[in-house]
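The values are calculated or read from the model by the stated rules, or taken from the named source; none is laboratory data. Quick caveat, the model's predicted, so the values are computed rather than measured. Don't worry about glycine lacking a Cβ; one is built from the backbone with ideal geometry, like all the others, and counts go over all protein chains shown. These accessible areas exclude ligands, DNA and RNA; they are computed on the full protein's heavy atoms, side chains included. Shrake-Rupley method; radii C 1.70, N 1.55, O 1.52, S 1.80 Å.
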Amino acid sequence: MLFVLGEYRITGKGASEIAAGIEGAVGSGALRPGDALPPLRELAVELDVNPNTVAAAYRLLRDRGVIETAGRRGSRILSRPATSARDGIRIDVPAGVRDISTGNPDTRLLPPLGPALADAAARGARDPALYGGPIIDAELARLARAGFDADGVPAGPVGLTSGSLDAIERVLAAHLRPGDAVAVEDPGWSSLLDLVPAMGLRAVPVAMDDEGPLVAEVARALASGVRALVVTDRGQNPTGAAISAGRADGLRTLLAAHRGVLVIDDDHVNGLVEQPLHCLSGVTDHWALVRSTAKAYGPDLRLALYTGDAVTVDRVSGRHRLGAGWVSHLLQRAQVHLWRSGAVDPVAVACSYRDRREGLLTALGERGVTARGRSGMNVWLPVPDETGAVAGLLQRGWAVSPGIRFRVRSAPGVRLTVSPLDLADIPRLADAVAAVLRPADTGRYG
């Protein structure tokens, strides 16, 4: 039996077969975001299957982040299903165009990895990592915990994953179930906005300004029943926001009345920002703070240290041991060498990004253009028309990232990454932006 939905025919007799067909249709474009699926009982009659079979198929699709179900309002293809990654929204950069769209760190500031890897290999030859051994290098854990302590992060055990997103996914999976709601920053990190629906979770966007998520917006999300809140403490991608002491106090006071909510602090730019850390960790029963080494030491190291309450760390590390087992001790020991040898000067790196970021903001302001970028390596430029702004800047020799990659409900904008820039490049870039845009100002990203 089959059921025709537009030009797509739903077929199948088992839940897995029905779900696989619909998911394949989404991937091919035969079913588009927002398309409504037929009512459960109606489809069951047409396919001559038990309604429980269709219910199971829809449940599989929801858990995979393909559809959303809203009770009597039915089921629809998600506006951005897990099969359609936001990172795929990129522009082709012609020869001769400066690419400031990638969000990558400045490779000129990354340390050479040869000495660190050679030292790690030598250590491994003397003391090889074997099955049944410790998951985390003791010195790595000790140095990471010392860094957490220095920034006032609450006490807790230390864990290790393959990057920040890996840690965030594992922490969410340790506490949430498909269908649960997660409060996320808007605009926010595109990979996280993809991850949440891919896990079968529901993203609840929270508006923000230069000082982080707005207290009233988080209060609204909490009142709606979110089970988790993910925030970026500093160098927020794409806006450069950094949580201020006052904003952190307000959010912590609010969260104290919702102790059952999971809080995840993402401190992914540790080591390259000048702003102090004001985290939300420790105010609720379950929490985690994640620090990646990617931005300061190199994305390919794929290391993120995290700490949290004992239950969270135990669940995450226990599940990690059953799956991947551990993160390569070669990389762990290399990171220890990088820290021990002072391979990166955090103050100098932070100053380098700050000078370029603030230089660009100043140059834009002098030309009547308001942009945002309190910390980190990115500047967020509000625009009335993203397509026009991207195309206009491309014509003038600059490739920027369209804001649709980072937005849920917030107003249009584009992201400019300062990493590839020299100070001498800034006037020309600011001239190009001013030529494309009419000055617009907003103190809030939403």
*Which is hydroxyl-bearing (Ser, Thr, Tyr) and closer than 18 Å to SER190 by Cα, of SER352, SER401, SER328?*
SER401
*How many residues, within region 116-169, are touching a Cys at 6+ places or on another chain (Cβ under 8 Å) and open to solvent by less than 40 Å² (accessible area, probe 1.4 Å)?*
1
_Filtered residues of region 227-246 (kept if hydrophobic (A, V, I, L, M, F, W, C) and either open to solvent by less than 10 Å² (accessible area, probe 1.4 Å) or in contact (Cβ under 8 Å) with a residue 60 or more places away in the chain (or both))_ = ALA228, LEU229, VAL230, VAL231, ALA241, ALA242, ILE243
*Do we find that GLY271 is at pLDDT below 95 and open to solvent by 10 Å² or more (accessible area, probe 1.4 Å) in this structure?*
yes
*Say whether the condition of being β-branched (Val, Ile, Thr), touching a residue at least 24 places away in the same chain (Cβ under 8 Å), crowded, with 24+ Cβ neighbours inside 10 Å and within 22 Å of ASP285 (Cβ to Cβ) is met by at least one residue in region 201-212.*
no
*Output the number of residues of region 113-138 satisfying the condition of being touching a residue at least 12 places away in the same chain (Cβ under 8 Å) and closer than 30 Å to VAL349 by Cα.*
10
